[in-house]
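J.: So that we are looking at the same thing, I have put the structure below in structure tokens.
The values are calculated or read from the model by the stated rules, or taken from the named source; none is laboratory data. Model, not experiment: these values are computed from the prediction. Methodologically, a virtual Cβ is constructed for each residue, glycine included, from the backbone with ideal geometry; neighbour enumeration extends over all protein chains shown. Calculation scope for accessible area: heavy atoms of the full protein, side chains included, ligands and nucleic acids excluded. Shrake-Rupley method; radii C 1.70, N 1.55, O 1.52, S 1.80 Å.
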Amino acid sequence: MRYTVRPQQVCSTSLSFDLEGDVVTNVEFVRGCDGNLKAISKLVDGMTVDKLESILRGNTCGRKNTSCADQLAIAVREKYEESKQAQ
């Protein structure tokens, strides 16, 4: 299933990803640090929710207490948990 969320306190204005079971694919960010976010998207493609979260959760950007990577981890976990409850 495809999800699109609005990240908080970061330069990206939107992030989208597919979630099939616990596997994340097709991550796309709108705005933000283009090269870095494209690289993150490629690196996490095919990762499980647990693996992605263990790597990206808690990463910060500058003086912010979050980052686009952290926001991705938060969104993926949230949507995964919602999808489990819906079943």
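J.: Residue by residue through region 48-61, note down the ones that are without any contact (Cβ under 8 Å) to a residue 40 or more places away in the chain and either part of a helix (DSSP H, G or I) or of a type outside the set (Ser, Thr, Tyr) (or both).
T.: Listed by number, the residues that qualify are VAL49, ASP50, LYS51, LEU52, GLU53, SER54, ILE55, LEU56, ARG57, GLY58, ASN59.
J.: Here's a follow-up. If a residue has to be open to solvent by less than 80 Å² (accessible area, probe 1.4 Å) and either within 14 Å of LEU15 (Cβ to Cβ) or assigned to a helix (DSSP H, G or I) (or both) to count, how many in region 62-87 make the cut?
T.: 16
J.: Of all residues in region 48-61, count the ones that are buried (at least 18 other Cβ atoms within 10 Å of the Cβ) and more than 22 Å from ASP18 (Cα to Cα).
T.: Counting residues in region 48-61 that are buried (at least 18 other Cβ atoms within 10 Å of the Cβ) and more than 22 Å from ASP18 (Cα to Cα) gives 1.
J.: Follow-up. Please go through region 12-41 and pick out each residue that is loosely packed, with under 15 Cβ neighbours inside 10 Å and farther than 17 Å from LEU52 by Cβ.
T.: THR13, SER14, VAL30, ARG31, ASP34, GLY35
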